[in-house]
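Scroll down for the structure; my scribbles are underneath it.
Read-outs throughout are calculated quantities, based only on the coordinates presented, and are distinct from any laboratory measurement. None of the values given here were measured: they were computed from a predicted structure. Counting neighbours? That spans all protein chains shown, and the Cβs are built from the backbone with ideal geometry, glycine included.
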Protein chains: 4
Amino acid sequence: MAPLNEEQLIQIRDERREQILAAALSVFSRRGVAGTKMSMIVKEAGISHGLVYHYFKSKEELFVTLVKGAIEGAQEAMSFVTSLPGTAYDKIRKLVEEMMDEEGAPFFQLIYQARTSDGVPEEARILINQYTLDDYVSILRPLFEEGQRDGTIAPGDPGELIAGFLTVLTGVMMVGSVDERQFRIPDIEMLMRMISK
Amino acid sequence: MAPLNEEQLIQIRDERREQILAAALSVFSRRGVAGTKMSMIVKEAGISHGLVYHYFKSKEELFVTLVKGAIEGAQEAMSFVTSLPGTAYDKIRKLVEEMMDEEGAPFFQLIYQARTSDGVPEEARILINQYTLDDYVSILRPLFEEGQRDGTIAPGDPGELIAGFLTVLTGVMMVGSVDERQFRIPDIEMLMRMISK
Amino acid sequence: MAPLNEEQLIQIRDERREQILAAALSVFSRRGVAGTKMSMIVKEAGISHGLVYHYFKSKEELFVTLVKGAIEGAQEAMSFVTSLPGTAYDKIRKLVEEMMDEEGAPFFQLIYQARTSDGVPEEARILINQYTLDDYVSILRPLFEEGQRDGTIAPGDPGELIAGFLTVLTGVMMVGSVDERQFRIPDIEMLMRMISK
Amino acid sequence: MAPLNEEQLIQIRDERREQILAAALSVFSRRGVAGTKMSMIVKEAGISHGLVYHYFKSKEELFVTLVKGAIEGAQEAMSFVTSLPGTAYDKIRKLVEEMMDEEGAPFFQLIYQARTSDGVPEEARILINQYTLDDYVSILRPLFEEGQRDGTIAPGDPGELIAGFLTVLTGVMMVGSVDERQFRIPDIEMLMRMISK
DNA sequence: CATGAATGAGGATTCATTCAT
DNA sequence: AATGAATGAATCCTCATTCAT
């Protein structure tokens, strides 16, 4: 899944800005808002404390900026996949592949952090709650219904199916990126079986 | 000549200890170590700051105590399930049910926090790394192999199957307990499909 | 040097009270007021926290009580020695012996602590400043003047001689009770040479 | 591209460090580790709380740093004095003068505090115990033996003589710097008499 | 634009003291 | 009289943020 789209790249054209955001994403996604110290971001980015504040008003703003990008990226990925050629099953499989790739993980973690963390104030929370699970369900529903009609997707309420499936994917990404010895990301076939007939 | 007899004191201590641990579990599991302030635990438990330190040396010790309990609980649940009567499939289904119940969630979150958080020092990390995924795989392997022989469990390397399945379950519990509007825990049938033939 | 005189013993007739005072003296003299925790006294005395407060209003009162006893004891010891038979030199030597014995040390330390410590409020400070060095000098002056006349005590202002000598004795007691490997209390002959002709 | 060049930064850091150490020495030596609150050091140094921790990891490290300096200083002073020209007696007298000067007192007090205080952890205690009285005795022994041979120093075991003498000097410095009205540092002649023939 | 010394509000922890039993 | 659980003010320390250079 593409982490940031074209427009965002334009918006974040400044090299320094990107550098800081990349460092911040890396740390926030691993440790959450409260667990992240500015000094960690500063160190990861290889710059001075002061410079961060030239580009971002606060730790919060840094986090909110990242969350915005993650949400938009996720939406785009889903919309993009529905517009691909092929069977419904193949499209869904493609989406799962995109979500599971390395670049996708930090964004899932970020959104999870945003939902649980404490330091996350209004703005990020509002942003996140704007895009509830139902929005994603709406985007994917036609695809799943098509799959149910052609007999490749399991029967039942497609809303529940999608919601449960996205929850599983998010959970796996959250947990799977920690440590090989502790968790193992299942292969795509196994995941697809969950929604297959 | 204690004004309260030994028994009463022990009872008071045990009760307080449990009360504090329950409050701490609730907060830690939601916010992680760094995100948890002692004041939150204190408020949740309805006691004074000082009293926590009467029973636990530090925030860390509190966390480690909880992690120990969670690990022991998980091991017990798995061992218990394998000893139940019934088919392999039924036993696994029973295990999933147990893991997915409301009381289970905080423990999964706790262990996730323990693996990611920062304030978690040696002791908790060692404890956790002692019980790697492989240990759990070992306990459940006979069950899965039996299921593969009787044709109820999907074929393939049972180790991979179990590891992936446990990862999914953990991820779902992590993420699923946040907010109904954001995530939805899939029903057991859907989860079981992942490992079913 | 007798640590507490008859009257004081009557006053502190209660066994518990004595027990607490003894424990407190031992700890205060070693660690000072700020360095002493009630829990240390409680442990040393082998009683409960609450009980200390049956006998003493506060840590402060405990300290002040001890300081009072120490001051009175020191004064008495000096007066007592001047009234003994023998030459001036012998009397002074006797005083030094008394001061240097094991029981004397805690009181010197206590008075030093009282002069330097911070937690010592008005009452103790007033008590201590009531009995300044000059008072002790007054008591001992006749003895030293006699010694100068009979040629056993070094010449010079007897006030300075006494003040310096008492300061040395106090310092030695302070420092000498710490650790054999670190400090060594000099023998009496060596100390006496300081004021001998 | 640092706005302040390397040299300036180093200079600022060194100055601040010294400023904090000076303030800390002043407070620690008077009140001991437990009796010293960071706010006192902060006030004495005229800086903010946070800045102390920019330069020293903890109150302990601050204390340990000072103790190290004190020990090194004492050793140097002794070694230096033995290398001076003049008679043994003169050299010893010179050493006493050096030890007794105003700047010396805090160091003696510091070392005393380090030996008695409680908050003093391993590192300081080890440092101090590395340099026992015996080490100082070794350095000064040739000087005292020379003095005994030329008839200016009192006879007897030079080890005992030195150990007792250093103990007295330390005690005097400890006690003597408190309050003129309470203690009086004896003049050098008086102190020297203790070891003179 | 860039640095890092400096600040201080906030959080963890200690410990004198109280109080129900 | 005696206990020890319980309290909370005071202390140490951290870390987001500012600012002189």
Considering each of D:ILE10, D:ILE41 in turn, give the residue that is within 9 Å of DNA strand E (Cβ to nearest atom) and either within 14 Å of another protein chain (Cβ to nearest Cβ) or surrounded by fewer than 18 Cβ atoms within 10 Å (Cβ to Cβ) (or both). D:ILE10
For region D:40-63, which positions are of a type in the set (D, E, K, R) and either more than 8 Å from DNA strand F (Cβ to nearest atom) or free of Cβ contacts under 8 Å to residues at least 60 places away in the same chain (or both)? D:LYS43, D:GLU44, D:LYS57, D:GLU61
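Given the structure, is C:PHE165 facing chain D (nearest Cβ under 9 Å) and in a helix (DSSP H, G or I)?
yes
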If you go through region D:104-126 one residue at a time, do you hit one that is under 22 Å from the mean Cα position of the chain (by Cα), more than 9 Å from chain C (Cβ to nearest Cβ), of a type in the set (Asp, Glu) and over 28 Å from C:LEU133 (Cβ atoms)? yes
I'd like the residue in region C:132-162 that is charged (D, E, K, R) and touching a Gly at 6+ places or on another chain (Cβ under 9 Å) and, out of all such residues, is farthest from the other protein chains (Cβ to nearest Cβ). C:ARG141
Could you go through region C:136-147 and let me know if any residue there is outside any helix (DSSP H, G or I), over 19 Å from the mean Cα position of the chain (by Cα) and surrounded by 18 or more Cβ atoms within 10 Å (Cβ to Cβ). no
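Only one residue in B:VAL67, B:VAL81, B:VAL96 is of a type in the set (Val, Ile, Thr), touching a helix residue (DSSP H, G or I) at 6+ places or on another chain (Cβ under 7 Å), within 14 Å of chain A (Cβ to nearest Cβ) and closer than 16 Å to B:ILE162 by Cβ, so which one is that?
On the way: B:VAL67 fails: closer than 16 Å to B:ILE162 by Cβ; B:VAL81 fails: within 14 Å of chain A (Cβ to nearest Cβ).
Answer to the selection: B:VAL96.
Quick test for you: out of D:LYS37, D:LYS91, pick the one residue that is more than 12 Å from the chain's Cα centre (by Cα) and either under 26 Å from D:SER196 (Cα atoms) or in contact (Cβ under 8 Å) with a residue 40 or more places away in the chain (or both). Show your work before the answer.
Values: D:LYS37 fails: either under 26 Å from D:SER196 (Cα atoms) or in contact (Cβ under 8 Å) with a residue 40 or more places away in the chain (or both).
When all the criteria are applied, what remains is D:LYS91.
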Among the residues of region B:168-186, write down those that are of a type in the set (Asp, Glu) and more than 7 Å from every other protein chain (Cβ to nearest Cβ). B:GLU180
Elements of type helices (runs of 4 or more DSSP H) contained in region D:1-112, each with 1 or more residues being within 19 Å of D:SER177 (Cβ to Cβ): D:6-35, D:38-45, D:59-82, D:88-100
Taking A:ILE185, is it within 21 Å of the chain's Cα centre (by Cα), free of Cβ contacts under 8 Å to residues at least 60 places away in the same chain and buried (at least 16 other Cβ atoms within 10 Å of the Cβ)? no
Enumeration of residues in region C:168-195 that are part of a helix (DSSP H, G or I) and hydroxyl-bearing (Ser, Thr, Tyr): C:THR170
